[in-house]
């Protein structure tokens, strides 16, 4: 019988972290962060990183494991997460993956093979990086649209690293990486899993996003970003393009006012949330939970446990 795995997904500001912690406490679980930005040290406020107090004694994996100068890819995440899952099982606990980076979750859930046989071509990558530096991310994304429109729909132009990888894959193999990923997604999961996604009415979610950005500013996002701006040239593409930081960097560049930068963070966060929701609607076997029906994260987790998780764990005893 496949081993149990719990996933708590949802758009940004939906309350994933608190719900995952509450659920982990109920089921003797440990949490794995599937957030591409919370892996970075020194990027705490802008990523809404779960604090030690908020962890409530629950062991977390995938948080504060990299310096901002390091790249963090989906294959890196998968390697980390699979090792964490093995350790969690060894400790007779239940893994709970939570985060908003859908492709990261998918990579573990379906044991996606990233076709390392295709390798990498440094000359192609260097050419595409140079094209990006000279022409910008939109022009680079247009190249992807021309060779793999499905991937272009899925990968935002801000995710330069994934855009380059998709183009590189096509040039090396003659095949679309979207076709490869679709075949991988069709595989059966090696886990006996439950995939929850927290939802809110759109207008309430947007209010939560705006309020969270205001709280970030009150908590010192300006200072945190200033320190990162001092080492901006050493930051990885992944870290440099993170929402909340790239907009503040524009403020420090002098291209926008502080008010405009904050407004842009809210706008881009709302757009990101919408893309996350679209991604989740395409996933199979997702259990959507209306978070607005509950007073807090504990009640939400309690509902998930009583109606779904308890049955799964009893089956795996």
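Nothing in this text is a laboratory measurement; each read-out follows from the coordinates by a stated rule. Computed from a prediction, not measured in an experiment: that's the story for all the values here. Cβ atoms come from the backbone with ideal geometry, glycine included; neighbour counts cover every protein chain shown.
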Stokes-Einstein D for segment 116-183, Kirkwood Rh over Cα pairs, 25 °C, 0.890 mPa s (µm²/s):
208
Debye calculation, C-alpha points only, no solvent: report log10 I(q)/I(0) for segment 61-144 at q = 0.27 Å⁻¹, in the same order as the q values.
-1.28
Rank-order 138-148, 153-163, 97-107, 250-260 by packing density, defined as the average count of other C-beta atoms within 10 Å over each peptide's residues, highest first.
97-107, 153-163, 138-148, 250-260
So the compactness index of segment 172-224, its C-alpha Rg divided by 2.2 N^0.38 Å, takes the value 2.00
Here are several values of P(r) over Cα pairs in 10 Å bins from 0, in percent: [x] 6, 23, 27, 20, 12, 6, 3, 1, 1, 0, 0; [y] 6, 24, 32, 21, 11, 5, 1, 0; [z] 6, 25, 35, 25, 9, 1. Which one was derived from the coordinates shown?
[z]
With a 10 Å radius around each residue's Cβ, average the other Cβ atoms per peptide and rank 59-66, 36-43, highest first.
36-43, 59-66
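Defining a contact as two alpha carbons under 8 Å apart and six or more residues distant in sequence, what relative contact order in percent does the chain show? It would help to have the intermediate numbers written out before the result.
Numbers: 437 pairs, mean separation 91.9, N = 317.
Value for the chain: 29 percent.
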Using all C-alpha to C-alpha distances in segment 114-269, build P(r) with 5 Å bins and read off the rounded percent in each one.
2, 8, 13, 14, 15, 14, 14, 12, 7, 1, 0
Which order do the peptides 15-26, 267-278 come out in when sorted by mean C-beta neighbours inside 10 angstrom, highest first?
15-26, 267-278
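What's the FRET efficiency of residue 211 with residue 123 using the Cβ-Cβ distance as r and R₀ = 41 Å, to the nearest 0.05?
Numbers: r = 47 Å, r/R0 = 1.16.
Rounded to the nearest 0.05, the efficiency is 0.30.
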Which ordering of 200, 279 is given by a fewest-first count of other beta-carbon atoms within 10 Å?
279, 200
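Over segment 116-183, what relative contact order in percent results from Cα pairs under 8 Å that are six or more residues apart?
The normalised contact order for segment 116-183 reaches 32 percent.
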